[in-house]
Structures are given as structure tokens and as C-alpha cells.
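J.: Can you keep this structure in mind? I'll have questions shortly.
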């Protein structure tokens, strides 16, 4: 029987890998991706790790650029909004927030 025959047995497809998202939020000293990290949060959709706020004295990366070099994909950067006149030195939230993601496989292809 030839492959073109309508009676050919189909080849079973390999199961699709199960993918999960990891999210890394880096707060940088200023709006440049190569500036120093001053705050961070991590979330692991794979369930392999359970990072929590304050669980490390050192950031996972020194700069946002270091995260890019390690395979994280930048998905959002904070909008640059100038301070209202007279409020240039007010303390508030960390303005230079960058969201990164990485997609990880939970199981190997069979």
C-alpha cells in the first residue's frame, strides 16, 4: 500500500508540550534598560519555584538588559510621565517598571 492510498494508517502525532509562563518584574533606576535594578518581583506559572517578596537581598539580574541576554522577553515598559511642576522630589511608587516573560516546558516531548 502506498502512502497516497486512502487506506494508509495515519501516523500518531506527538503530544504537544505543556507550556507555562514565568513573569519577571524589574524596577530600574531610570528608564534605560541598562540601568540598575532597584526592585523586583518574580512569578512562576510552572510551579517549580515559589518566589516571594524579600526572599533575596540580591536582584535576579543587575539590569534589564541582563534579563534580555538571559532569554527573558520584554513585554511591557512603564510610560514615561514627567512630574507635575513642584512635585519633582515627591516619593511615590517605583516609576520605571519593566515586565518580562519566559515560556517554559513542563514536560518533554514524547
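J.: I'd like the residue in the stretch 68-106 that is modelled with pLDDT of 85 or more and assigned to a loop (DSSP other than H, G, I, E, B) and, out of all such residues, is farthest from residue 28 (Cα to Cα).
T.: Among those that are modelled with pLDDT of 85 or more and assigned to a loop (DSSP other than H, G, I, E, B), it is 106.
J.: Continuing with the same structure: Is at least one residue of the stretch 7-15 surrounded by 10 or more Cβ atoms within 10 Å (Cβ to Cβ), in a loop (DSSP other than H, G, I, E, B) and within 18 Å of the chain's Cα centre (by Cα)?
T.: No, the stretch 7-15 has no match at all.
J.: Pull up the stretch 68-106, narrow it to residues that are surrounded by fewer than 10 Cβ atoms within 10 Å (Cβ to Cβ) and in contact (Cβ under 8 Å) with a residue 12 or more places away in the chain, then point me to the one that is nearest to residue 21 (Cα to Cα).
T.: So the residue we want is 71.
J.: Go through the stretch 16-39 and give me each residue that's in a strand (DSSP E or B), crowded, with 16+ Cβ neighbours inside 10 Å and touching a residue at least 40 places away in the same chain (Cβ under 8 Å).
T.: Here is the first cut: in the stretch 16-39, the residues in a strand (DSSP E or B) are 19-28, 36-39.
This time we only want the ones that are crowded, with 16+ Cβ neighbours inside 10 Å, so: 22, 24, 26-28, 37.
Selection gives 22, 24, 26, 27, 28.
J.: What residue, among those in the stretch 50-67 that are within 27 Å of residue 107 (Cβ to Cβ) and either in contact with a strand residue (DSSP E or B) (Cβ under 8 Å, 6 or more places away or on another chain) or surrounded by 15 or more Cβ atoms within 10 Å (Cβ to Cβ) (or both), is modelled with the highest pLDDT?
T.: 67
The values are calculated or read from the model by the stated rules, or taken from the named source; none is laboratory data. The structure displayed is predicted, hence computed values, not measured ones. Glycine gets a Cβ as well: all are built from the backbone with ideal geometry, and neighbour counts include every protein chain shown.
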